[in-house]
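One structure is given below, encoded as structure tokens.
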Amino acid sequence: MRRPSHRFPLLAASFVLGALVAGCATPPPADDPDAVAEAKEANDPMEPTNRVFYAVNDGLDTVILRPLAVGYKYVLPEVVRTHVHNVLTNLAMPVALFDDMLMARPRRAGDSLMRLLVNTTVGVGGIFDVATGWGWPAHDTDAGMTLALWGLPEGPFLFLPVIGPTGPRDATGFGSDIALDPATWVGAGVVVSTAGWTRYSLNAIDTRAGLLNDLDKIKAQALDPYATIRSLYRQHRQSQIDEVRSDDRATAPAWFEQPSRK
């Protein structure tokens with residue numbers, strides 16, 4: 001998984017670089033209302049620099065990550081990939097629980113806690129997702145969403161090296177989740193380091209494998225893949241945040257009758 005010795009320097013360097021190049025972004029002419037409106041909607045004042053990083057990431061993806069994801073899907077049958085995904089998801093449950101608690105969403109925190117307990121025990125270390133069938137389904141959560149609920153604005157769009165599409169709020173949340181992960185504080189040495197890198201690598205390949213068809217379509221059909229990815233990312237993040245804001249469920253399990261919403 002992502003360990004501080006590996007990821008925090010990269011994250012810090014990305015922020016420093018972003019701060020240095022922020023002044024290089026050229027704003028649209030004030031006498032061009034269409035350009036001003038377009039720039040405001042895109043919320044991408046560092047677009048020239050972001051596009052450079054997008055090109056770098058796209059090159060790395062083409063040469064390294066996509067071939068690995070294709071091979072991953074080709075070599076491993078779907079049932080094995082599902083079990084790998086389940087284990088990775090279960091390993092992330094402690095952080096999900098912390099984030100749900102910080103959001104002050106007791107039902108979501110209860111779901112995360114029960115998923116961790118049930119899938120770790122009955123699900124044999126998370127290989128099997130027993131909790132979903134028992135009334136504790138998975139949900140999206142991270143520290144970036146927590147900060148959004150706390151009122152922190154998203155800030156300008158960023159496309160950071162390795163990390164990809166994000167923003168100051170979500171990048172900060174990304175670093176916070178690393179700090180919250182219990183694996184971050186588990187000892188040191190070759191075994192721990194190898195396990196951490198293996199977990200991080202599997203996460204990256206598993207995520208990329210799940211996006212193979214979507215990203216291939218965007219690159220093949222979109223006139224401007226960068227702008228399309230920027231738009232889709234921001235829409236997806238907003239939908240996740242809206243879902244959390246509207247989640248006012250009681251603490252009873254999903255299979256128990258829920259109180260009606262007003």
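FYI, it's all coordinate maths here, none of it is from the lab. Predicted model, so just to flag it, every value in this text is computed and none were measured. Cβ atoms come from the backbone with ideal geometry, glycine included; neighbour counts cover every protein chain shown.
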Review point. Tally Lys and Arg at +1 and Asp and Glu at -1 over the other residues with C-beta under 9 Å from the C-beta of ALA138: what net charge comes out?
Key: -2
Revision key, fill the gap. When ASP206, ASP214, ASP100, ASP181 are arranged by how many other beta-carbons sit within 10 Å of their Cβ, fewest first, they go ASP214, ASP206, ASP181, ASP100
Check your understanding: What is the sum of charges around ARG66, taking Lys and Arg as +1, Asp and Glu as -1, for the other residues whose C-beta is under 9 Å from the C-beta of ARG66?
Key -> -1
Check your understanding: What is the fewest-to-most order of LYS219, LYS40 by other Cβ atoms lying within 10 Å of their Cβ?
Key -> LYS40, LYS219
Practice item. Treat each spin label as a single point 7 Å out from the Cα along the C-beta direction, and report the ALA204 to MET101 distance in nm. Key: 3.1 nm
**Study point:** Segment GLN238-VAL79, extension gain: residue separation times 0.36 nm, minus the distance between their alpha carbons
**Key:** 54.1 nm
